[in-house]
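*Asks:* Pasting a structure here, questions to come.
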Amino acid sequence: MNEYKNMSREDFMNFFRDDEKLNELTTDDRFEIFETILIGSSDFTKKLLDEILSDYNVDNLEVIEIDNGKK
């Protein structure tokens, strides 16, 4: 059960880049990873969110950047 403790970064990235292995993950697994993988608030940028929306062909949402409380 604790085999993951012996997983190297390289092992993890190989898993992550393997479409067949990723397809073994459930939708809930994928949500959990997506919601927790970033380190903190500084990781969230307009550019990143725009890229994610574009990658997933989400055209009904728009990200607006606010600088010091001003749009």
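*Asks:* Scan region 26-52 residue by residue and report those that are closer than 21 Å to PHE16 by Cβ and open to solvent by less than 100 Å² (accessible area, probe 1.4 Å).
*Replies:* The answer is THR26, THR27, ASP29, ILE33, THR36, LEU38, GLY40, ASP43, LEU48, LEU49, GLU51, ILE52.
*Asks:* What number of residues within region 1-15 satisfy the criterion of being open to solvent by 100 Å² or more (accessible area, probe 1.4 Å) and either within 28 Å of GLU62 (Cα to Cα) or of a type in the set (D, E, K, R) (or both)?
*Replies:* Residues flagged as open to solvent by 100 Å² or more (accessible area, probe 1.4 Å) and either within 28 Å of GLU62 (Cα to Cα) or of a type in the set (D, E, K, R) (or both) within region 1-15 amount to 4.
The values are calculated or read from the model by the stated rules, or taken from the named source; none is laboratory data. All figures in this text were calculated on a predicted structure; none of them were measured in a lab. Neighbour counts run over all protein chains shown; Cβ positions are idealised from the backbone, glycine included. The area values use the complete protein model at the heavy-atom level, side chains included, leaving out ligands, DNA and RNA. Shrake-Rupley method; radii C 1.70, N 1.55, O 1.52, S 1.80 Å.
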